[in-house]
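Worksheet for the structure shown next.
The values are calculated or read from the model by the stated rules, or taken from the named source; none is laboratory data. What you are looking at is a predicted structure, and each value in this text was computed from that prediction instead of being measured. Methodologically, a virtual Cβ is constructed for each residue, glycine included, from the backbone with ideal geometry; neighbour enumeration extends over all protein chains shown.
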Amino acid sequence: MYADTASAWFKLYIWLEVLYHAPLSAWAVGALWRDDPKVPVHLLGYAVQTAVTTATCIAEYLSWEDFSAEQKLQLGYLYVPYLAVAVFMGVDMFGRLLGQVERARGGVKKVQ
């Protein structure tokens, strides 16, 4: 895919980046620093959005017939670790939220 033939999904992902991903990233830096209790909720959404958009990009470049296997591998070195970080973050935030729910139900005490 080239810039002059950007697909509708790519344009949507750019808008998601501008309107959601970038502002949330800026907020999250301070929120993590001050241990804001809303961090897991917001970063779970962030992680899911990042994983879905990155997986879409991986599927897209793998379908490119005019790119060699080596070129696709090089793109994989960029995209696959980014996907792995997003998945790890999503699993971590899900676990944190699950812990909060269990504590709210009285099932588990918070470990300091």
For ASP36, work out the one condition from (1) part of a helix (DSSP H, G or I); (2) under 21 Å from the mean Cα position of the chain (by Cα) it doesn't fulfil.
-> (1)
Close pairs from the range 59-75: first more than 19 Å from TRP9 (Cβ to Cβ) and at pLDDT below 95, partner among the aromatic types (Phe, Trp, Tyr) and surrounded by 10 or more Cβ atoms within 10 Å (Cβ to Cβ), Cβ under 7 Å, at least 6 apart = none
In the range 1-33, what residues are assigned to a loop (DSSP other than H, G, I, E, B) and small (Gly, Ala, Ser)?
-> ALA6, SER7
Among the residues of the range 85-99, is there at least one that is in a helix (DSSP H, G or I), within 19 Å of GLY45 (Cβ to Cβ) and of a type in the set (Lys, Arg)?
-> yes
